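See structure below.
Since every read-out is calculated from the coordinates, none of them should be taken as a lab result. Here the structure is a predicted model, which is why all the values come from computation and not from measurement. Note: ideal-geometry Cβ built from the backbone for every residue, glycine included; neighbour counts use all protein chains shown.
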Amino acid sequence: MAAFSAKSKKSGKTYYLHSKEVKLAGDRKQRIYYFAGEEGANSINALPAGYEVFENSRTGLPMLRKKKK
């Protein structure tokens, strides 16, 4: 199954969405989402519920943010 992708309007490059669980202070864990230039082991095939993609106007990199209600 193909990973969710977003194409930069600034550079024209395609980026693929990844997800990873990271450890925080103590025993807390948090899931993070990030875009990478290639598909990898942590790539996911759909946007998480409640999130949307936007492009950083300075760098052209796609990023996720929670949808505004």
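Is there a residue being at positive phi, of a type outside the set (D, E), out of contact with any His (no Cβ under 7 Å at 6 or more places or on another chain) and part of a loop (DSSP other than H, G, I, E, B) anywhere in region 48-55? Yes; the residues of region 48-55 include at least one that is at positive phi, of a type outside the set (D, E), out of contact with any His (no Cβ under 7 Å at 6 or more places or on another chain) and part of a loop (DSSP other than H, G, I, E, B). Here H18 clears all of (1) surrounded by 10 or more Cβ atoms within 10 Å (Cβ to Cβ); (2) part of a loop (DSSP other than H, G, I, E, B) except the condition numbered (2).
Being touching a residue at least 12 places away in the same chain (Cβ under 8 Å), surrounded by 11 or more Cβ atoms within 10 Å (Cβ to Cβ) and over 13 Å from the mean Cα position of the chain (by Cα) is true of K13. For region 41-57, check the following and say yes or no: at least one residue is exposed (fewer than 15 other Cβ atoms within 10 Å of the Cβ) and hydroxyl-bearing (S, T, Y). Looking through region 41-57, at least one residue is exposed (fewer than 15 other Cβ atoms within 10 Å of the Cβ) and hydroxyl-bearing (S, T, Y). Within the bounds of region 36-47, is there any residue that is charged (D, E, K, R), part of a strand (DSSP E or B) and without any contact (Cβ under 8 Å) to a residue 40 or more places away in the chain? There is no residue in region 36-47 that is charged (D, E, K, R), part of a strand (DSSP E or B) and without any contact (Cβ under 8 Å) to a residue 40 or more places away in the chain.
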